[in-house]
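Student: Before I ask anything, here is the structure I am working with.
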Amino acid sequence: MGRKLFFNMGKGGKLMTIWWFVCLILVIAGVVLATNIFYSQGPDVRGIEAQNIGKLVLSCYGDYDGAFESFDFFSECNINQTIFENGNYFLKLSLLDSSDGESKVLNEIRFGNYALENDCLVGEKTLGRNFPKCSRSEFVVDRGKLGLSESIEILAGVNSKGGRIKN
Amino acid sequence: MLKMIKQKKGSLFGWEELIFIFFTLAVFFMLILFVRGASQLDFIVEEKMAKEIALVINQASVGSSAKFDVSELYRRAEKNDFKTEKFVVIRDNNVNVQVSGFAGYYYPYFRNFAIEDAISKEIDEKGKERVYLNLYFAEEKGGVEDG
C-alpha cells in the first residue's frame, strides 16, 4: 500500500515519487534559507540617517552666525562628539563658489571618521553591505543672521550598526 | 484530455491524486505560515522599533517631544513575562528594545539630549488599550556624555 502510494500511483502515472519529495524538500529548503537571509539583515536605515544628518546641518548652519571654517558641528547641532567620532559617522562640508556657473570648492571642513569619505566613493559604486551609506547634496543656505547666501555641499556618511543585547 | 485525468469510470480524480493535491497544498500553506511568522518574530520587531526611535531622536530638537505606539512591544513583553517597564530603555546614547529575557536590540543615536521617557496608556476609538512611549527632549546635556 505504502509502496504503491509513494512510488507508483497506479494506471494514472507516478505522482508521489521519491523525486517529487526531493523537489519539495529543495523548495522548502530554498524558502527557509531565503527567509532567514532576508530577515537576518534587518531594516537598513543608514541611508536615511545620512540624509537626516544633511538636513540637520542645513538647519544648524542656517542659524549659525560665524565664519564657515570655524563652524563646530558638535556644539551648533547638539551632537555627541564621542559617539560621532567612534568611527561610524562622517560629515564633510564644502563651501562652494558658484559665481561663474561652475562650482569651485573654496573651503572644506570635516567631522567624524575621515576614512569613511573614501568608503563613500567606493560604496556608491558597489553593493557591499559593509560600506557606509552616504548622502551628497548641494544647497544654497540663506544665513539670515549675516544677511548672505552661501552655496555648500554636504557629504554625510553613516556606517552605524546596532546589535543584539547580550544578557 | 479527459481520458488523461480520469482514473475510474465516473470519477475525475482518484484518492491518490486527492492526497497528492492536499499534501502539496498543505506543504505550501505551511511555508506561507512560516514566512509570515518569520516577519513577526520578537527580534525583528525589537530591531525595527530601536531603529525607528533612534532615527526620531536624531531628528529632534530641544524642547520637542515624540510619541510612539509601543502596544505591540508591550503585549509581547507581557506575553514573555518580561519586565514591562524595561522593554524600551534609552541610555548611554543607545536605544535598547527588549521584549523577552532572551536578547534585545540596541541602536545608537548621536544627539546630545537629556531624554525623559514615560509610558502612557490610552483607550483608542475602538475601545482597545494602546500603550505609548513619550519622549521629551527637554534640556541639553552639558558637554560630552560619559559612559
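Student: Please verify whether residue A:139 is within 14 Å of chain B (Cβ to nearest Cβ), surrounded by 13 or more Cβ atoms within 10 Å (Cβ to Cβ), assigned to a strand (DSSP E or B) and not aliphatic (A, V, I, L, M), treating the condition exactly as stated.
Tutor: no
Student: Please tell me if residue B:121 is surrounded by fewer than 21 Cβ atoms within 10 Å (Cβ to Cβ), at the interface with another protein chain (Cβ under 8 Å from one of its Cβ atoms) and over 23 Å from residue A:57 (Cα atoms).
Tutor: Against the criterion (surrounded by fewer than 21 Cβ atoms within 10 Å (Cβ to Cβ), at the interface with another protein chain (Cβ under 8 Å from one of its Cβ atoms) and over 23 Å from residue A:57 (Cα atoms)), residue B:121 does not qualify.
Student: Sticking with this structure for a sec: Is it true that residue B:88 is more than 21 Å from residue A:158 (Cα to Cα) and either within 11 Å of another protein chain (Cβ to nearest Cβ) or free of Cβ contacts under 8 Å to residues at least 60 places away in the same chain (or both)?
Tutor: Answer is yes for this residue.
Student: Out of the residues in the stretch B:91-106 that are among the small types (Gly, Ala, Ser) and more than 20 Å from residue B:55 (Cβ to Cβ), which is surrounded by the most Cβ atoms within 10 Å (Cβ to Cβ)?
Tutor: Among residues in the stretch B:91-106 that are among the small types (Gly, Ala, Ser) and more than 20 Å from residue B:55 (Cβ to Cβ), the one surrounded by the most Cβ atoms within 10 Å (Cβ to Cβ) is B:100.
Student: For the stretch A:11-43, what are the residues that are of a type in the set (S, T, N, Q) and either more than 34 Å from the chain's Cα centre (by Cα) or not in a helix (DSSP H, G or I) (or both)? Outline the logic, then answer.
Tutor: Here is the first cut: in the stretch A:11-43, the residues of a type in the set (S, T, N, Q) are A:17, A:35-36, A:40-41.
Listed by number, the list holds a single entry, A:17.
Student: A further question follows. Failed condition for residue B:82, given (1) modelled with pLDDT under 90; (2) surrounded by 13 or more Cβ atoms within 10 Å (Cβ to Cβ); (3) closer than 27 Å to residue A:85 by Cβ, with all others met?
Tutor: Condition (3) is where residue B:82 drops out.
Student: Another question, then. Does residue B:53 count as in contact with a Leu (Cβ under 8 Å, 6 or more places away or on another chain), touching a residue at least 12 places away in the same chain (Cβ under 8 Å) and closer than 24 Å to residue A:51 by Cα? Break it down into steps so the answer makes sense when it comes.
Tutor: Values: in contact with a Leu (Cβ under 8 Å, 6 or more places away or on another chain): yes; touching a residue at least 12 places away in the same chain (Cβ under 8 Å): yes; closer than 24 Å to residue A:51 by Cα: yes.
So residue B:53 passes the test.
Student: Which one is nearest to residue B:103 (Cα to Cα), of the residues in the stretch B:26-71 that are among the hydroxyl-bearing types (Ser, Thr, Tyr) and at the interface with another protein chain (Cβ under 9 Å from one of its Cβ atoms)? Give the steps one after another, and end with the answer.
Tutor: Let us first name the residues in the stretch B:26-71 that are among the hydroxyl-bearing types (Ser, Thr, Tyr), namely B:39, B:61, B:64-65, B:71.
After this cut, where a residue has to be at the interface with another protein chain (Cβ under 9 Å from one of its Cβ atoms) as well, the list is B:39, B:61.
Numbers: B:39: 17, B:61: 31 Å.
So, considering only residues that are among the hydroxyl-bearing types (Ser, Thr, Tyr) and at the interface with another protein chain (Cβ under 9 Å from one of its Cβ atoms), the one nearest to residue B:103 (Cα to Cα) is B:39.
Student: Additional query: Any residue at all in the stretch A:146-153 that is in a loop (DSSP other than H, G, I, E, B), away from chain B (no Cβ under 14 Å) and surrounded by 10 or more Cβ atoms within 10 Å (Cβ to Cβ)? I'd like the intermediate steps shown before the answer.
Tutor: Just the residues of the stretch A:146-153 that are in a loop (DSSP other than H, G, I, E, B), to begin with: A:146-147.
With away from chain B (no Cβ under 14 Å) added as a condition, the list becomes A:146-147.
With surrounded by 10 or more Cβ atoms within 10 Å (Cβ to Cβ) added as a condition, the list becomes A:146.
Looking through the stretch A:146-153, at least one residue is in a loop (DSSP other than H, G, I, E, B), away from chain B (no Cβ under 14 Å) and surrounded by 10 or more Cβ atoms within 10 Å (Cβ to Cβ).
Student: Among the residues of the stretch A:54-72, which ones are in a helix (DSSP H, G or I), of a type in the set (D, E, K, R) and within 14 Å of chain B (Cβ to nearest Cβ)?
Tutor: Of everything in the stretch A:54-72, those that are in a helix (DSSP H, G or I), of a type in the set (D, E, K, R) and within 14 Å of chain B (Cβ to nearest Cβ) turn out to be A:55, A:63.
The values are calculated or read from the model by the stated rules, or taken from the named source; none is laboratory data. Since the structure is predicted, the reported quantities are computational estimates derived from the model, not experimental observations. Because the Cβ atoms are built from the backbone with ideal geometry, glycine has one as well, and the counts that use them run over all protein chains shown.
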